[in-house]
Amino acid sequence: MYPDNYRYSKEHEWIVVDGEIATIGITDYAQQELGDIVYVDLPRPGDSVAAGKSMGSVESVKAVSDVYSPVTGEVVESNAALTDSPEKVNQDPHGEAWMVKVKLFAPDEVNSLMTVADYKEYLAGKE
Amino acid sequence: MIRKVRSHVSQNESLLFELSAPGKVAYQLPELDVPPVDAAAALGAANVRDEVAGFPEVSEVEAIRHFTRLSTHNYAIDYGMYPLGSCTMKYNPRINEAVARTEGLAWAHPYQPEALSQGAMDVLAKVEDALVEITGMDAVTLQPAAGAHGELTGLLLIRAALEAQGNPRQTVLIPDSAHGTNPATVTTAGYVVRNIASNDRGMVDLAALERDVDENVAALMVTNPNTLGVFEGNITRICEILHARGAMVYMDGANMNALTGITRPGDFGVDVMHLNLHKTFSTPHGGGGPGAGPVAVKKRLEPFLPLPRLRRAAEAWTWDYDRPQSIGRVRAFYGNFGVLVRALAYIMAHGGEGLRRATLDAILNANYIRKKLEPYYDLPHKAPVMHECVFSDDRQSARGVRTGDIAKRLIDYGFHPYTVSFPLIVHGALMIEPTETESKQEIDLFVDALISIAKEVEEDPELVKAAPHNTRVSRIDEVTAARKPILRWRP
């Protein structure tokens, strides 16, 4: 379920790094808690995002929730497909429903995030 | 067993536009007894409006039936208990309406000269005085039109006062048990929100607070009693911690129905707070209200209150606009005047002793429900509660039934749902606030309904998950409605 090569944040975002570009989305746990997603609001290319700060929001029938950037950097691409098909976040949160690609300011920052084992343990603590 | 309601015929109703037919009217005017005037000739053709195209035309009885039928599709406090936690959906006594319709008050115009407005101004002064006495604060502005508007006004007052000292500071602390509007208010007022976690009793953690208050903190926004219905027993100490570091305490007074006549925020150190007259003081709530969110302050904040201020000058009331430190107007004119009149009627009809009794009854009702339902629903926080109680759906969710399902089943039993999934610090919350309005008979029916639903969850969870069964419409497709909304009657 949770890919081994991803890192995870306490706010339930995932991140995977390829060179100096990181791809970010929300986890399966997050989409389950939110329920049916009806709208996704993402930053635009060129926007700066900061670790731990809100970079956008997801709206479900229950609530609107912030999406926090797990890292600091500049957005190079956001997933326009989610505007028309927000349900993808429910269907494939770790794949097709990636949210933004970010050029990292400090690639090391990713190492401070949870590994898949850490995240699974973190989720177990929430039960 | 469902005891309170049974199904009965409820009529379908078209839109007024669909009932319309050309030439139908709902009025009959007497013959014109003066010479007719051509408006276009008298005023100039450019100033005369054409007929409004597409306006519905129906007869009087059709208009009456239309709205009466629609009203039967609704639920209201005048039908029965409305236990929405945190909303204080109390009955609005009819005496409020009678008083608000007093000719001189109902027809007062805000542009009337002061000399002709003395009665209305006297009413405003009496409301201010009553709220000062009830809150233990020093001064009140009646301008804010609702609770969140009062919150924003309060934070702007804090900002203005700190700015006058040279530094408005940057952050505002909010406990995780606070009202949902608080973080939005803080952001709108230009501050940064910092959340502080509650302890296991659902209260502000003093040690964490000591650690979190630094010279960047402008204020703490605290709801007391909080959204768990728990009174912050350490509120005096909390205020001391903030004050020692030059910060202020804002109290969200939405839950004032638990305190009125018993204790006063001004006495335990609060610097500024708002009241929701449409909650605590029985003015209409929901359906557009309108609301009223007066803000009460301590002396040091008084110079910054919105202008104009009521002032007594030479035996008469006057509006004082000479307030150089004021944050300015926050609303046109003087607040929602008709609502303020209703609140004053409520306060005066009760008197001090009556308000206190209402508070005690509200607390008794909430604790009675808590005790009765505790064997059937999980109670995550055991601290004593005031005017509301919060259960979780822990036991029922093991059977696949969530708080929203139980709420929808409650509709079949003839009750408005409680507040669902809030506060967020309780997973799957059922938040129940009966207010003092309800009799023991009505509350017992409500308790029996929830107990009966708890049994249904054990025996036939699908029955609850597919509820409501007895309403005009059952579950609507909320997801498609949100993803692909149809916002026009006709394309």
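Couple of notes before you dig in:
- Residues located in the stretch B:196-248, provided they are more than 23 Å from the chain's Cα centre (by Cα) and charged (D, E, K, R): B:Asp200, B:Arg201, B:Asp205, B:Glu210, B:Arg211, B:Asp212, B:Asp214, B:Glu215, B:Arg237, B:Glu240, B:Arg245
- Residue satisfying all of: in the stretch B:408-429; under 22 Å from the mean Cα position of the chain (by Cα) and hydroxyl-bearing (Ser, Thr, Tyr); nearest to the other protein chains (Cβ to nearest Cβ) among these: B:Ser421
- Selection count where residues are outside any helix (DSSP H, G or I) and not charged (D, E, K, R), scope the stretch B:39-94: 28
- Considering only residues in the stretch B:451-491 that are without any contact (Cβ under 8 Å) to a residue 24 or more places away in the chain and among the hydroxyl-bearing types (Ser, Thr, Tyr), the one that is nearest to the other protein chains (Cβ to nearest Cβ) turns out to be B:Thr480.
- Flag not set for B:Lys279, criterion: surrounded by fewer than 19 Cβ atoms within 10 Å (Cβ to Cβ), within 30 Å of B:Ile453 (Cβ to Cβ) and not polar (S, T, N, Q).
- Annotation for the stretch A:100-110: no member residue is within 14 Å of chain B (Cβ to nearest Cβ), crowded, with 21+ Cβ neighbours inside 10 Å and of a type outside the set (Phe, Trp, Tyr).
- Residue among A:Tyr6, A:Tyr2, A:Tyr29 that alone is among the aromatic types (Phe, Trp, Tyr) and closer than 25 Å to B:Glu478 by Cβ: A:Tyr29
- Scanning the stretch B:213-261 for residues that are under 24 Å from B:Leu430 (Cβ atoms), touching a strand residue (DSSP E or B) at 6+ places or on another chain (Cβ under 7 Å) and among the β-branched types (Val, Ile, Thr) gives B:Val222, B:Thr223.
- Pairs, first within 14 Å of chain B (Cβ to nearest Cβ) in the stretch A:20-43, second assigned to a loop (DSSP other than H, G, I, E, B) and of a type in the set (Gly, Ala, Ser), C-beta under 9 Å, six or more apart: A:Gln31/A:Ala97; A:Leu34/A:Ala63; A:Gly35/A:Ala63; A:Ile37/A:Ala97; A:Val40/A:Ala97
- Test result for B:Thr359, surrounded by 17 or more Cβ atoms within 10 Å (Cβ to Cβ), hydroxyl-bearing (Ser, Thr, Tyr) and free of Cβ contacts under 8 Å to residues at least 60 places away in the same chain: no
- Entirely in the stretch B:95-211, the strands (runs of 3 or more DSSP E) that have 3 or more residues that are touching a residue at least 60 places away in the same chain (Cβ under 8 Å): B:139-141
- Only helices (runs of 4 or more DSSP H) whose full extent lies in the stretch B:409-491 are considered here, and the ones with at least 2 residues that are surrounded by fewer than 21 Cβ atoms within 10 Å (Cβ to Cβ), of a type in the set (A, V, I, L, M, F, W, C) and at pLDDT 90 or above are B:440-459.
- Take the conditions (1) in a helix (DSSP H, G or I); (2) within 14 Å of another protein chain (Cβ to nearest Cβ); (3) touching an Asp or Glu at 6+ places or on another chain (Cβ under 8 Å); (4) surrounded by 17 or more Cβ atoms within 10 Å (Cβ to Cβ); B:Asp405 misses just one of them, which is (3).
The values are calculated or read from the model by the stated rules, or taken from the named source; none is laboratory data. Source: prediction; values computed, not measured. Reconstructed Cβ throughout: ideal geometry from the backbone, glycine too, with neighbour counts over all protein chains shown.
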